[in-house]
Amino acid sequence: MEIEHVRSRFIKHFDGNTGYIYTSPGRINLIGEHTDYNGGFVFPGAIDKGMMAEIRPNGTNKVRAYSIDLKDYVEFGLNEEDAPRTSWARYIFGVCREMIKRGVEVKGFNTAFAGDVPLGAGMSSSAALESTYAYALNDLFGDNRLDKFTLAQVGQATEHNYCGVNCGIMDQFASIFGKKDHLICLDCRSLEYQYYPFKPEGYKLVLLDSVVKHELASSAYNKRRQSCESAVAAIQKHHPEVKLLRDANMEMLDEVAGEISAEDRMRAEYVIEEIQRVLDVCQALQDGDYETVGLKMYETHEGMSKLYEVSCEELDFLNECAHNHGVTGSRIMGGGFGGCTINLVKEERYESFVHETVASFREAFKRSPKVYDVVISDGARRLE
Ligand code: GLA
């Protein structure tokens, strides 16, 4: 996105002065879905699409915020009772509040922002927005006192406390910590992480967007999390050391089969298997073995579709197209219920795969899926 796009609107909308410009990206995730809030591993990377905001302290205690894409303006104060109703503004308000709770003396500011990360497509547009403001407010009002993990937690807490989504840490982590040409394997329990150079020779990563808008806030996401917690609670009675599904294994789960619902059991089975798959993929990447990486991606899709039940007809269709086309790996990416599949495809198959899949999707669903090439990019930063 062009700085000029944001700057010209900022100048036009406010008093003609310029401010500081910040940006933060959306993310992809190679593998490790719904593992973050279970203390497992994830494997995300930041992308070249995100949010950009211009900000200038205005000497008052009011935030004046303009959404360039929605052409919508909202003004709010910085106390808990000042929460705006408009949903996009609640993200900015939530970040302000969470920064204040962590000791940053946030004051009023003028801001305009825009994004090029598609909304509701599973690429974490909301984390990109939160991270942009968390990074900016730390820079403008906090002397960069808060470390990067705290900034990611500010975004996550915003989701929990102001947006009703009980999400894990993956999206905000990737948006803040992203690094060009690298994926990041994060242990969501210890918060240790490792950058993996990712430029698979002879392959491309492509996202196919089903254009089914996912609604994470719709209680389905939170319900999945509750299922995992119920399974842990049952296992804990026999194995007090188990605090998260990360600490459990299939034998433990089998042991409590009679004590939890069949649904909770399926959810937990998926998570336990998925945590192991991320570790298998780490190993495969170290060996340069992309066939195994791809195989694990298909297994994840199967698990997300049949056990975790966060797929939909369109996503299963895209996955099947990939499989029929001999694509190396393909799966639902992100929380599910819509959004994209992520596909690891050999360069020589790329053109025909995309072309044929778009055509058959259009025939089946009477609309076109969107296609996004993935460029792994840097995380949150100040541009000007
Ligand atoms: C959403 C959440 C993340 C994570 C994924 C699923 O993107 O925000 O914390 O749980 O779903 O892996």
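Under a 1.4 Å probe, what is the accessible area of the range 283-365 per residue, stated in Å²?
Working: 3450 Å² over 83 residues.
Roughly 42 Å² per residue, with all protein chains present.
On a straight-distance basis, which lysines could pair with Lys101 in a cross-link, Cα separation under 29 angstrom, same-chain partners fewer than 8 positions away excluded?
Within reach: Lys62, Lys148, Lys179, Lys223, Lys243.
Which chymotrypsin sites (Phe, Trp or Tyr not before Pro) in the range 260-304 sit in a loop by DSSP (not H, G, I, E or B) and have at most 11 other Cβ atoms within 10 Å of their own Cβ? Please list the in-between numbers first.
Numbers: sites: Tyr270, Tyr290, Tyr298; in loops: none.
Listed in order of number, the matching sites amount to none.
For the range 179-184, in order, what is each residue's ³J(HN,Hα) by Karplus, 6.51 cos²θ - 1.76 cosθ + 1.60 with θ = phi - 60°, in whole Hz (x at glycine and Pro)?
Along the range 179-184, the couplings run 9, 3, 6, 10, 9, 10 Hz.
Gain in length, Lys213 to Lys306, computed as 0.36 nm per residue apart minus the alpha-carbon separation, to one decimal in nm? If you can, show how the numbers build up before the last one.
Values: separation 93, 0.36 × 93 = 33.48 nm, distance 2.02 nm.
That pair, Lys213 and Lys306, stretches by 31.5 nm at full extension.
Using 7 Å Cα-to-Cβ label points, what is the Glu2/Asp247 separation (nm, one decimal)?
Each label point lies 7 Å from its Cα, and together they span 5.5 nm.
Which value at 222 nm does the chain reach when only helices count, each DSSP H run of 4 or more adding -39,500 (n - 2.57), with the total divided by all residues and rounded to the nearest 500 deg cm²/dmol?
-13000 deg cm²/dmol
On the accessible surface of the range 1-57, probed at 1.4 Å, how many percent belong to carbon and sulfur atoms?
Working: 760 of 1730 Å².
Ligands and nucleic acids excluded, carbon and sulfur give 44 percent.
So between Lys180 and Thr18, what do we pick up on full extension, going 0.36 nm a residue minus the alpha carbon distance? Can you show the working numbers first?
Details: separation 162, 0.36 × 162 = 58.32 nm, distance 2.84 nm.
Result: 55.5 nm gained on full extension.
On average, how much accessible surface per residue is there in the range 53-189, in Å², for a 1.4 Å probe, leaving out ligands, DNA and RNA? Intermediate values should be presented prior to the final figure.
On the way: 4900 Å² over 137 residues.
Normalised by residue count, the accessible surface of the range 53-189 is 36 Å².
Accessible area of the range 204-373 with a 1.4 Å probe: how many percent of it is carbon plus sulfur? Kindly include the intermediate steps, with their values, before the conclusion.
Working: 3670 of 7540 Å².
Solvent-exposed carbon and sulfur of the range 204-373 make up 49 percent of the total.
Kirkwood hydrodynamic radius (Cα pairs, Å) of the range 87-203?
Numbers: mean 1/r = 0.0667 Å⁻¹.
Taking the inverse mean of 1/r over all distinct Cα pairs, the range 87-203 comes out at 15.0 Å.
What is the magnitude of the charge dipole of the chain about its Cα centre, with +1 placed on the Cβ of each Lys and Arg, -1 on the Cβ of each Asp and Glu, and no other charges, expressed in debye to the nearest 20?
Working: 43 positive and 59 negative charges, 282 e Å.
Value, rounded to 20: 1360 debye.
Who wins for biggest fluctuation among Leu151, Leu70, Leu307 in a Gaussian network model of the chain, springs between alpha carbons below 10 Å?
Answer for the Gaussian network model of the chain: Leu70.
For the range 43-125, which trypsin sites (Lys or Arg not before Pro) pass both filters: DSSP loop (anything but H, G, I, E, B) and at most 12 other C-beta atoms within 10 Å? Present the calculation step by step, with values, prior to reporting the outcome.
Details: sites: Lys49, Lys62, Arg64, Lys71, Arg85, Arg90, Arg97, Lys101, Arg102, Lys107; in loops: Lys71, Arg85, Arg102, Lys107.
Of the trypsin sites (Lys or Arg not before Pro), the ones in loops of the range 43-125 whose Cβ has at most 12 other Cβ atoms within 10 Å are Lys71, Arg85.
Using the basic label-point model (7 angstrom from Cα toward the beta carbon), what is the Ala220 to Glu201 distance in nanometres?
Reported label-point gap for Ala220 and Glu201 is 4.2 nm.
By a straight-distance test (C-alpha under 20 Å), which aspartates and glutamates pair with Lys366 as possible cross-link partners, with residues fewer than eight away in the same chain excluded?
By straight Cα distance, Lys366 reaches Asp209, Glu313, Glu314, Asp316, Glu320, Glu356.
Given the options Met304, Met266, Met170, which has the most mean-square fluctuation in a GNM of the chain, springs set between C-alpha atoms less than 10 angstrom apart?
Met266
Using the basic label-point model (7 angstrom from Cα toward the beta carbon), what is the Asn144 to Leu279 distance in nanometres?
3.7 nm
Probe radius 1.4 Å, ligands and nucleic acids ignored: give me the carbon and sulfur share of the accessible area of the range 125-186 as a rounded percent.
Numbers: 700 of 1740 Å².
Of all accessible area on the range 125-186, carbon and sulfur atoms account for 41 percent.
Is any residue of the range 153-193 close enough, with backbone N under 20 Å, to a label point placed 7 angstrom from the Cα of Gln236 along the Cα-Cβ axis, and if so, which?
From the range 153-193, the list is 166-169, 188-191.
Treating the angle as unsigned and between 0 and 90°, give the value, to the nearest 10°, between the Cα long axis of helix 3-13 and the longest Cα principal axis of the chain.
The answer is roughly 40 degrees.
For Asp287 and Glu384, what does the FRET efficiency come to when R0 = 41 Å and r is the distance between their Cβ atoms, rounded to the nearest 0.05?
Working: r = 42 Å, r/R0 = 1.04.
Efficiency computed from Cβ-Cβ geometry: 0.45.
Taking R0 as 30 Å, what FRET efficiency do you get between Val358 and Ser261 from their Cβ-Cβ distance, rounded to the nearest 0.05? Please list the in-between numbers first.
On the way: r = 40 Å, r/R0 = 1.33.
My answer for the efficiency is 0.15.
P(r) for the chain: what percent of alpha-carbon pairs falls in each 20 Å bin, starting at zero?
Bins of 20 Å from zero give 29, 55, 16, 0 percent of pairs.
Please report the net charge: other residues with Cβ closer than 11 Å to the Cβ of Gly294, K and R +1, D and E -1.
Values: positive: Lys296, Arg331, Lys346; negative: Asp289, Glu291, Glu299.
Net charge around Gly294: 0.
Kindly provide the Kirkwood hydrodynamic radius of the range 204-373 in Å, to one decimal, from all pairs of distinct alpha carbon atoms. Display every interim value, and only then the final one.
Working: mean 1/r = 0.0585 Å⁻¹.
It is 17.1 Å.
For His182, what charge total do you get from the other residues with a beta carbon under 13 Å from its beta carbon, if Lys and Arg give +1 and Asp and Glu give -1?
On the way: positive: Arg27, Lys179, Lys180, Lys199; negative: Asp181, Asp378.
Around His182, the surrounding residues sum to +2.
The values are calculated or read from the model by the stated rules, or taken from the named source; none is laboratory data. Please read all numbers here as calculations on a predicted model, not as lab measurements. Note that we place each Cβ from the backbone using ideal geometry, even for glycine, and neighbour counts take in every protein chain shown. Note: accessible area is taken over every heavy atom of the protein model, side chains too, but ligands, DNA and RNA are not part of it. Shrake-Rupley method; radii C 1.70, N 1.55, O 1.52, S 1.80 Å.
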